[in-house]
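One structure below.
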Amino acid sequence: MSQEARNAAILKEAYRSWDETKGASVDHWLSLLADEINFGSLAQGRTDALSFTKTRHSRDGVACYLRELTRDWEMVYYAVDHLVAEGERVVAIGRCAWRFKLTGKVVETPKVDVWRFNAAGKAVEFFEYYDTAAVMEGARANAPA
């Protein structure tokens, strides 16, 4: 099996489990990571409600990200429509919806995740792209009338 096929297969299974468990497969994600990883998100922790999205540099840091995400947000669905692999990189293209628990608002957004794997098949880089404006709006309480 080629490096591209291996990495795509690893992620296909991880995303399938992520959706089926509605975000409860945190340990599975952590098992895919190298001890040191550059893990980033488009929101970059810019608001209190999205503070978990700040850049992380270790498996423990990513564990914190995932705990905070699933503490504050409830997954509605997570669908990956395409996995594109070339060399050590895999791009997952899809869509997802999450409910912010404090407001009850559901946010649907296109989602693109860019991964890089080392020769041992462990993820060493991750960056996610999504509609940050919609996510920030979902996390914002309704303004008083």
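The values are calculated or read from the model by the stated rules, or taken from the named source; none is laboratory data. Computed from a predicted model, the values in this text were never measured in an experiment. Reconstructed Cβ throughout: ideal geometry from the backbone, glycine too, with neighbour counts over all protein chains shown.
Brief remarks follow.
- Taking (1) more than 15 Å from residue 135 (Cβ to Cβ); (2) of a type in the set (Phe, Trp, Tyr); (3) outside any strand (DSSP E or B) in turn, residue 52 satisfies each apart from (1).
- Test for residue 78: is it in a strand (DSSP E or B), among the aromatic types (Phe, Trp, Tyr) and in contact (Cβ under 8 Å) with a residue 12 or more places away in the chain: yes
- Any hit, the stretch 126-134, residues being in contact (Cβ under 8 Å) with a residue 12 or more places away in the chain, in a strand (DSSP E or B) and touching a helix residue (DSSP H, G or I) at 6+ places or on another chain (Cβ under 6 Å): no
- Scanning the stretch 18-50 for residues that are of a type in the set (Gly, Ala, Ser) and more than 19 Å from residue 75 (Cα to Cα) yields a count of 4.
- The single condition among (1) under 18 Å from residue 112 (Cβ atoms); (2) in a loop (DSSP other than H, G, I, E, B); (3) at pLDDT 95 or above that residue 44 does not satisfy is (3).
- Subset of the stretch 47-66 that is modelled with pLDDT of 95 or more and small (Gly, Ala, Ser) - its residue that is nearest to residue 115 (Cα to Cα): 58
- All positions within the stretch 92-118 that are outside any strand (DSSP E or B) and either without any contact (Cβ under 8 Å) to a residue 12 or more places away in the chain or under 20 Å from residue 61 (Cα atoms) (or both): 104, 118
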